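Below you'll find the structure, written out as structure tokens, and then a few comments.
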Amino acid sequence: MYSLINIIGLAIGIAGFILITIFIKTELAFDTFHPNAERIYRPVEIQKPRGVDIQHVAVTMAPLAEALKSDFPEIEQVTRVMRSGNVFVRKGEMAFYEDNSACTDPSFFDLFKVEFIHGNPETALNGPHDVILNREIAEKFFPNQNPLGETLELEFWFGKNEYKVTGVIENYPENSHLVFSLLANIDQLDAEYSDMMNNWDSNFLATYVLLKEGTYAAQLEEKFPAFLDRHLNESSWNTGLEMYLQPLTEIHLFSDHIRFQTYNNNQGSIDYIYIFAAIALFILLIACINFMNLSTARSVKRAREVGIRKVMGSQRKELIAQFLGESIIISFIALILAVGLAQTAIPFVNEVSGRDLVLGEQNYAFLIPVLIGVAILTGIFAGIYPAFFLSAFRPIETLKAQFNIGPKGRSAQMRKLLVVTQFTIAIALIICTGIVINQMDYIRNKNLGFNREQLMYLPIRGEEESNSIEQLKSTLAENPQIISAAASSGQTGVSGNQSTRTVAGTNGEVSLMMRISYVDFDLINTMEMELVDGRNFSREFATDTSQAVIINETAVRELGWENPIGMQFEREDAQPMTVIGVVKDFQYNKMTRKIEPLFMNIDPERYNYLMIRVRPENITQTLDFIEQTWTNLLPGHPYEYGFMDEYFERMYRAEQNMGRLFGGFSTLAILVACLGLVGLVTFTAEQRTKEIGIRKILGATVPNVIWLLSKEFLLLVTIALAVSAPIAGWLMRRWLENFVEHAGLNGWIFLLAGVIALAIALLSVSFQAIRTALANPVKTLRYE
């Protein structure tokens, strides 16, 4: 039984270690498959505009790439990547929206590894209306054929044209921060958007540079201040701008602080890597502690063996080698079982982590030596204390049974310490899981400043859909199940755009960096926002369409205005804009971001979403009506929709995944710890069988005996709770600091974690305790 507990405990610990190791390896491998990955960097700007915190942004100006290449001979090649959002793709009667589309330079293929199925990377993007498709899109529009030379109608945000297919590439690997299905030439923007493409004040694309061999990024960064001084306009809002180079291989894990990333597929966090690496080691440690505890606890069974072997001439080092060898063999047996457990658990880990982890051939070369090393080290670590403990027995004492391994012996004290260590780790993980779940629940139920329930959004793409907004709203209004509809530039009523607005502030003219939102007359009412001052946009005022603006409370505070109504801003085109209202601050982004100054005005040419508030009754029929209305007005245009509450759920997917993984690995940790408890209480019951028999003859009841065997272990778990609570509290307080608003460290979570741990521990020891308490004392004392 004890060997089985040891093997199962070690197997679970090693399986957890395997799963986390594969997860970490996958995360660290992002973008490393490019041949020149170590020489590729992404320029990141440090902006210091008034109105928002100092921010690191990954979007740069279009002319930056060429300026870098011409000014710095250390740079071998540059390329730009502009995310194009959902592109409307049509071929005859077939039409789809493709989300992962991008515009880039022909030099893209000089930096990044792309596997061409058809076409030539040297010429694939030479024409302004050339397009490259990935395998999936090519199969969708041109099944079982070579599409080179075929045409597609593409409608980007900047216009609609016929494009010639000049290349087909393999689907881009998921372990890349860049993932796209369609690539077009960015030079096509030069014709109609030359001002934007040459503007050093307009940040909207990512730039990548390939450094020459032997060039160090730090040396180049030293020259950036002078470079920026040469190219930036003195009147630019970018005054004071700084810039540095972020290594390509760090983009996936080291970009938590970077905003406006054109691309960062499945963004990870190095903090989570550290956390899960620690969890992997902790689970393995708990399993090793089980082995130590059970081995030392059962030392009485082997004490006479040690004594006899020493009398026969065995040296202590020979005994140590034997016990360590046995430990390593058990570890390898556990390893074989662990691989099977890990393979079984991988689908669960993939589901909660959002990754595609595999325990397959691509990982064997890495895993086999690692796991062999882990098995050996685990065997040594788990067996070293028992080996030295057993080999230290004196032959005379062991043969006379005069050694002390009882409840007050030194080995017993060590076992207690190890049990406390086990449960300290397990309870800390339970507390962390509870705090993550509580924070997610807080976010889910937090008043965001608008009502996200029963609020739909429909993406609006292209000129034809944009021109149909008013007709869509008019038709939808005929259905009594639809409360209202409104158009907006952003999915949450606010777009991702930032811009500087010049205002008449309290200290003369100042510029304030503001989040820009283009809305229609009905958005504030549809989203059920609250106006705290002034009035809403109204069709009764003709100037509202071009000269009125509503700002949020944060903007008022930043500007120091006591009476904001009637104050004026100046738009980019010098058009004066008058403040007509102040909207209560509402959360349009993750709670890890502060609410920024907001500027809302009407501009029908900038609408990207139609927001629809529906009644909860007959929701299926209402959705069918909305879809039919869309299909009637926009035949051939794909219909897509989403709900705002689900959108905010997805926004916190990484944190939710972390909570689920915490929960899963907490369960593993507590399971392994409880396996150890079962073994220890079984051993204790064996050691005290005759004592318990005497107590029962003297009148002890079954509950008395159960308490006798359980109280020590419950005390150890209570001590572990006292130790783990401040540690977990300190760690999770730091995690909660990432959120502008959070639920705090609620005491009930710590209490609940303690109750769960004590209940599980009690269940673990109860079975054997009850079994021992019910044993017939006559049988146990028969031979005394």
Problem - Cβ charges +1 (Lys, Arg) and -1 (Asp, Glu), total dipole of the stretch 31-251, debye - result: 140 debye
Problem - Spin-label model distance (nm) - LEU714 vs ASN563, 7 Å beyond Cα toward Cβ - result: 7.0 nm
Problem - Derived scalar couplings ³J(HN,Hα) [the stretch 91-102; Karplus, 6.51 cos²θ - 1.76 cosθ + 1.60; whole Hz; x for Gly, Pro] - result: 9, x, 8, 8, 8, 9, 9, 10, 7, 8, 10, 8
Practice task
Could you pull out every residue, at least 5 positions away or on a different chain, whose amide H is within less than 5 Å of the one on LYS584? Hs are placed 1.01 Å off N in the peptide plane, and Pro or chain starts have none.
Solution key: GLU530, LEU531, VAL532
Handout entry: Dipole magnitude of the chain about its Cα centre (Cβ charges: Lys, Arg +1; Asp, Glu -1), debye to nearest 20
Key = 7060 debye
Exercise for the section: Using only alpha carbon pairs under 8 Å that are at least six residues apart, calculate the relative contact order of the chain and give it in whole percent. Expected result: 16 percent
Handout entry: Calculated FRET efficiency for the pair THR689/LYS113, C-beta based, R₀ 60 Å, to 0.05
Key = 0.30
Problem - Debye equation applied to the C-alpha atoms of the stretch 142-213, log10 I(q)/I(0) at 0.12, 0.16, 0.18 Å⁻¹ - result: -0.51, -0.87, -1.02
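If you count the DSSP beta bridges with both ends in the stretch 455-615, what percent of them are antiparallel, to the nearest 5? Display every interim value, and only then the final one.
Numbers: 30 of 40 bridges.
In the stretch 455-615, approximately 75 percent of DSSP beta bridges are antiparallel ones.
What percent do you get for the relative contact order of the stretch 455-615 when only Cα pairs under 8 Å and 6+ apart count? Can you show the working numbers first?
Numbers: 347 pairs, mean separation 58.0, N = 161.
For the stretch 455-615, the relative contact order is 36 percent.
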Exercise for the section: Count neighbours as other Cβ atoms within 10 Å of each site's Cβ, and list the trypsin sites (Lys or Arg not before Pro) in the stretch 675-784 that are DSSP loop with at most 16 such neighbours. Expected result: ARG782
Exercise for the section: Express in nm, to one decimal, how much length is gained between ALA775 and TYR244 on full extension, taking 0.36 nm for each residue of separation and deducting their alpha carbon distance. Expected result: 183.8 nm
Problem - Among 537-550, 322-335, the order from most to least packed when residues are scored by Cβ within 10 Å on average - result: 322-335, 537-550
Problem - Pairwise centroid distance, computed over Cα atoms, of the stretch 155-209 with the stretch 691-730, Å - result: 67 Å
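In the stretch 601-653, which chymotrypsin sites (Phe, Trp or Tyr not before Pro) fall in coil by DSSP and have 15 or fewer other Cβ atoms within 10 Å?
Working: sites: TYR607, TYR609, PHE625, TRP630, TYR639, TYR641, PHE643, TYR647, PHE648, TYR652; in loops: TYR607, TYR639, TYR641, TYR652.
Answer in residue order: TYR639, TYR641.
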Completion exercise
Distance in nm between ASP603 and LEU752 label points, each 7 Å along Cα→Cβ, equals 4.6 nm
Practice task
In whole Hz, with x marking every Gly and Pro, tabulate ³J(HN,Hα) for the stretch 245-253 from phi via Karplus 6.51 cos²θ - 1.76 cosθ + 1.60, θ = phi - 60°.
Solution key: 9, 9, x, 4, 6, 9, 4, 5, 9
Fill in the blank from the handout: Residue-ordered couplings for the stretch 109-117, obtained by feeding phi - 60° into the Karplus form 6.51 cos²θ - 1.76 cosθ + 1.60 and rounding to whole Hz (Gly and Pro as x), are 6, 6, 9, 10, 6, 9, 8, 7, 8
Practice task
Report P(r) for the stretch 31-251: all Cα-Cα distances, bin width 10 Å, range 0 to the bin holding the largest distance, values in whole percent.
Solution key: 8, 32, 33, 20, 6, 1
Completion exercise
When the charge dipole of the chain is computed with +1 at the Cβ of Lys and Arg and -1 at the Cβ of Asp and Glu, the Cα pointing farthest to the positive end, of ASN776, ILE482, PHE599, is that of ASN776
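Kindly work out what percent of the DSSP beta bridges joining two residues of the chain are antiparallel, to the nearest 5.
Details: 75 of 96 bridges.
Looking only at bridges with both residues in the chain, the antiparallel portion is about 80 percent.
How many Å³ per residue does the convex hull of the Cα positions in the stretch 1-121 occupy? Write out the running numbers ahead of the final one.
Working: hull volume 35.7 nm³, N = 121.
Cα convex hull per residue, to the nearest whole number: 295 Å³.
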Exercise for the section: On a C-alpha basis, how far is the centre of the stretch 417-480 from the centre of the stretch 570-621 in Å? Whole number, if you could? Expected result: 18 Å
Exercise for the section: With volume of the Cα convex hull per residue in Å³ in mind, check (1) 209; (2) 219; (3) 335 and report the label derived from this structure. Expected result: (2)
Fill in the blank from the handout: Which residues qualify? For ILE460, with a placed amide H closer than 5 Å and at least 5 residues away or on another chain, they are TYR609, LEU610
Completion exercise
Note: ASN36 to PHE366 extended length (0.36 nm per residue) minus current alpha-carbon separation gives 116.6 nm
Practice task
Set Lys and Arg Cβ to +1 and Asp and Glu Cβ to -1, take the dipole of the chain about its Cα centre, and tell me which of ALA287, ILE251, ASN608 lies farthest positive.
Solution key: ALA287
Handout entry: Only Lys, Arg (+1) and Asp, Glu (-1) charged, at Cβ; the stretch 6-139 dipole about Cα centre in debye
Key = 360 debye
Exercise for the section: Calculate, axis by axis, the spread of Cα positions in the stretch 455-615 along the three principal axes, and write the results as whole Å, longest axis first. Expected result: 51, 35, 27
Handout entry: Gain on full stretching of the segment that runs from ASN144 to LEU623 - 0.36 nm per residue minus C-alpha separation
Key = 168.8 nm
Handout entry: Qualifying GluC sites (Glu not before Pro) in the stretch 148-218, DSSP loop, other Cβ atoms within 10 Å at most 11
Key = GLU213
Completion exercise
Among THR667, ALA184, LEU763, the residue whose Cα sits farthest towards the positive end of the charge dipole of the chain, when +1 is placed on the Cβ of each Lys and Arg and -1 on the Cβ of each Asp and Glu, is LEU763
Completion exercise
In the stretch 31-251 the DSSP beta bridges are antiparallel at a rate, in percent to nearest 5, of 85 percent
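Throughout, read-outs are computed from the coordinates displayed, never taken from laboratory work. All values reported here derive from a predicted model rather than from experimental measurement. Virtual Cβ from ideal backbone geometry, glycine too; neighbours counted across all protein chains shown.
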